[in-house]
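Working notes, beginning with the structure itself.
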Amino acid sequence: MKLSEKKILKKKEQILLSAITIVNRRGYDGATMEEIAAEMLMTKGSLYYYFKNKGDLMYQCHKLVLAQATEELEEILLEEGSAEHLLRKMVATHINYAVDEKETFNLIIEPKQMFNPEQIEPVLKLRKYYSNLFDQAIEKGVTSGEFHVKEPIIVRMMILGAMNWIQQWYNPTGRMTKEELKQQFAAYIIKLLK
């Protein structure tokens, strides 16, 4: 890779990280190309050198956050330990993203509303792969005898659905800290599987 290509990729990543921060602070509709450009000390027109439009930028943000979350789950699955231990860590990771990267990560819920047709297929593919990582943890528990479920995929859908719904009601200044929330969710999820 040429030096100029490396510089473009580095700048693109800086823009994405800045955009993710702004989207998580102001929401998808509240984040503007002007604000993202200003944060990067760029002109709005300069952003279009790196991204076609706001939709493309949001797609790239979502893809980056989902790829980071996926990588963390893959690393957890490679660790030694019981299926329960691994699943608890995976639940904590998912909740971290659901809370900390709320707006960007939330795009996973209804990608067809947010992305154009050529973006949907890769997003759905990555989303399916992400879900499959939870399937692997549950299957490990079933195989080892730790978990007793007849329909692991239905249980996984319940788990991810419940964790994704956190974005709708969780308040960081509410009665439960994020750490307490992660522990409570993991405890109830494990009860569901035993």
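Data for the structure
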item: Total residues in segment 28-85, condition in a helix (DSSP H, G or I) and either β-branched (Val, Ile, Thr) or at positive phi (or both); result: 4
item: Filter result for SER18 (farther than 30 Å from GLY145 by Cβ and among the small types (Gly, Ala, Ser)); result: yes
item: Number of positions in segment 145-176 that are touching a helix residue (DSSP H, G or I) at 6+ places or on another chain (Cβ under 6 Å) and in a helix (DSSP H, G or I); result: 6
item: Identity of the residue in segment 144-167, farther than 18 Å from LYS102 by Cα and in contact (Cβ under 8 Å) with a residue 60 or more places away in the chain, that ends up nearest to the chain's Cα centre (by Cα); result: PHE147
item: Any hit, segment 54-64, residues being under 12 Å from the mean Cα position of the chain (by Cα), of a type outside the set (D, E, K, R) and crowded, with 21+ Cβ neighbours inside 10 Å; result: yes
item: Breaking point among (1) surrounded by 10 or more Cβ atoms within 10 Å (Cβ to Cβ); (2) at pLDDT below 95; (3) in a helix (DSSP H, G or I), for ILE109; result: (3)
item: Residues (in contact with a His (Cβ under 9 Å, 6 or more places away or on another chain) and more than 17 Å from LEU73 (Cα to Cα)) located in segment 138-165; result: VAL142
item: Any chance ALA137 is surrounded by fewer than 18 Cβ atoms within 10 Å (Cβ to Cβ), part of a helix (DSSP H, G or I) and not charged (D, E, K, R); result: no
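Conditions tested, residue by residue: (1) over 27 Å from LYS182 (Cβ atoms); (2) modelled with pLDDT of 85 or more; (3) crowded, with 17+ Cβ neighbours inside 10 Å; (4) not hydroxyl-bearing (Ser, Thr, Tyr).
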| site | (1), (2), (3), (4) |
| --- | --- |
| MET1 | yes, no, no, yes |
| LEU17 | no, no, no, yes |
| ASN24 | no, no, yes, yes |
| GLY30 | yes, no, no, yes |
| ALA67 | no, yes, no, yes |
| GLU71 | no, yes, no, yes |
| LEU87 | no, yes, yes, yes |
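The values are calculated or read from the model by the stated rules, or taken from the named source; none is laboratory data. Computed from a predicted structure; not experimentally measured. FYI the Cβ positions are ideal-geometry reconstructions off the backbone, even for glycines, and counts take in every protein chain you see.
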